[in-house]
1. Out of everything in the stretch 223-234 that is in contact with an Asp or Glu (Cβ under 9 Å, 6 or more places away or on another chain) and in contact (Cβ under 8 Å) with a residue 24 or more places away in the chain, what residue ends up being farthest from Ala103 (Cα to Cα)?
2. Give the residue, chosen from Ile69, Ile96, that is out of contact with any strand residue (DSSP E or B) (no Cβ under 8 Å at 6 or more places or on another chain), outside the structural domain of His174 (by TED's automatic domain parsing), buried (at least 17 other Cβ atoms within 10 Å of the Cβ) and part of a helix (DSSP H, G or I).
3. Being under 16 Å from Leu222 (Cβ atoms) and of a type in the set (A, V, I, L, M, F, W, C) is the filter here, so list the residues in the stretch 161-175 that pass it.
4. Looking at the stretch 17-43 only, could you name the residues that are surrounded by 18 or more Cβ atoms within 10 Å (Cβ to Cβ) and within 15 Å of Leu72 (Cβ to Cβ)?
5. Scan the stretch 206-222 for residues that are in contact (Cβ under 8 Å) with a residue 12 or more places away in the chain and under 21 Å from the mean Cα position of the chain (by Cα) and report the count.
6. Given Ala162, Ala166, Ala175, which one is without any contact (Cβ under 8 Å) to a residue 60 or more places away in the chain, among the hydrophobic types (A, V, I, L, M, F, W, C), touching a Phe, Trp or Tyr at 6+ places or on another chain (Cβ under 9 Å) and not assigned by TED's automatic domain parsing to the domain that holds Ile85?
7. Could you grab me the full set of residues in the stretch 190-220 that are more than 21 Å from Ala98 (Cα to Cα) and hydrophobic (A, V, I, L, M, F, W, C)?
8. Being farther than 21 Å from Thr26 by Cβ and hydrophobic (A, V, I, L, M, F, W, C) is the filter; apply it to the stretch 73-95 and report the residue that is nearest to the chain's Cα centre (by Cα).
Amino acid sequence: MTAATTETPISALLIDDEPQILRLLTITLEANGYRVATAASGQEGIAAAAQRRHDIIILDLGLPDLNGIAVLKQLREWTQTPVIILTVQDEEADKIEALDSGADDFITKPFNTGELLARLRASLRRADRGRAEEPVFRAGNLAVDFSRRRVTRVGQPVKLTATEYALLRLFIQHAGKVLTHRHILREIWGPEHEQHTQYLRVYVTRLREKLEADPASPALLLTEPGVGYRFVEA
């Protein structure tokens with residue numbers, strides 16, 4: 001389903017200093033029913049976000065005045081509008097910093113427009129869902145009943161330790177969104193363990209063994225190389 005099927009067009013703000021990218025994104029989004037506003041610098045983008053409400057923001061990290069991370073941090077001081085980061089291939093550290101600073105997702109240049117549209121739809125769904133927790137989460141053969149604290153796969157109960165359940169719940173609360181190693185470690189084990197990635201690898205392996213049909217080729221808990229993990233959406 002595209003944005004054109006809604007009664008009110010979805011408003012997207014594009015913050016990028018490359019005219020070709022702005023033109024491509026504008027044509028693509030408008031063709032899919034979005035209403036598009038553009039900004040060619042960080043300061044211009046912040047002003048545009050403040051002057052008019054937008055449903056989603058696409059933010060490039062390489063801006064002429066402000067670093068994209070700085071723009072993101074300023075935006076997060078007063079708005080929770082979903083932000084998709086545009087990065088280049090070798091900006092792995094920037095991807096991690098952006099996600100830890102409040103970005104909802106990232107996409108790498110050069111990008112596939114189909115993937116970009118899918119990422120936008122996913123971020124908008126999460127925004128609509130807000131912080132409300134669905135009583136039962138389903139993805140493939142997995143079902144998690146939060147009210148009963150019950151996990152099943154193919155209808156059979158799955159026994160999880162307290163830490164495994166807490167980790168699964170965190171992934172599901174952010175289903176479809178990339179969570180960085182540092183963010184996960186901080187949330188589950190505390191700030192003092194942010195560098196202990198071996199904890200996370202062990203528990204992700206255990207979760208995959210219990211939840212995936214083929215743990216060696218996971219379909220639910222996906223790895224974002226060098227960045228973190230993404231749990232598939234229901």
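The values are calculated or read from the model by the stated rules, or taken from the named source; none is laboratory data. Remember, it's a predicted structure, so these values are computed and weren't measured experimentally. In this analysis, Cβ positions are derived from the backbone assuming ideal geometry, glycine residues included, and neighbour counts consider all displayed protein chains.
1. Filtering the stretch 223-234 for residues in contact with an Asp or Glu (Cβ under 9 Å, 6 or more places away or on another chain) gives 225-227, 230, 234.
Cutting the leftovers down to in contact (Cβ under 8 Å) with a residue 24 or more places away in the chain gives us 226-227, 230, 234.
Working: Gly226: 17, Val227: 13, Arg230: 14, Ala234: 21 Å.
Only one residue tops the list, namely Ala234.
2. Values: Ile96 fails: out of contact with any strand residue (DSSP E or B) (no Cβ under 8 Å at 6 or more places or on another chain).
None of the other options fit; the residue is Ile69.
3. Leu167, Leu168, Leu170, Phe171, Ile172, Ala175
4. Listed by number, the residues that qualify are Ala39, Gly42.
5. Here is the first cut: in the stretch 206-222, the ones in contact (Cβ under 8 Å) with a residue 12 or more places away in the chain are 206-208, 210-211, 213, 219-221.
Going one step further and asking which of them are under 21 Å from the mean Cα position of the chain (by Cα), we end up with 207-208, 219-221.
Of the residues in that region, 5 qualify.
6. Details: Ala162 fails: touching a Phe, Trp or Tyr at 6+ places or on another chain (Cβ under 9 Å); Ala166 fails: touching a Phe, Trp or Tyr at 6+ places or on another chain (Cβ under 9 Å).
Unique residue meeting the criteria: Ala175.
7. Result: Val202, Val204, Leu207, Leu211, Ala213, Ala216, Ala219, Leu220.
8. As a first pass, look at the stretch 73-95 and keep what is farther than 21 Å from Thr26 by Cβ: 73-74, 76-80, 89-95.
Among the residues that remain, those that are also hydrophobic (A, V, I, L, M, F, W, C) are: 78, 93.
On the way: Trp78: 19, Ala93: 16 Å.
Of everything passing the filter in the stretch 73-95, Ala93 is nearest to the chain's Cα centre (by Cα).
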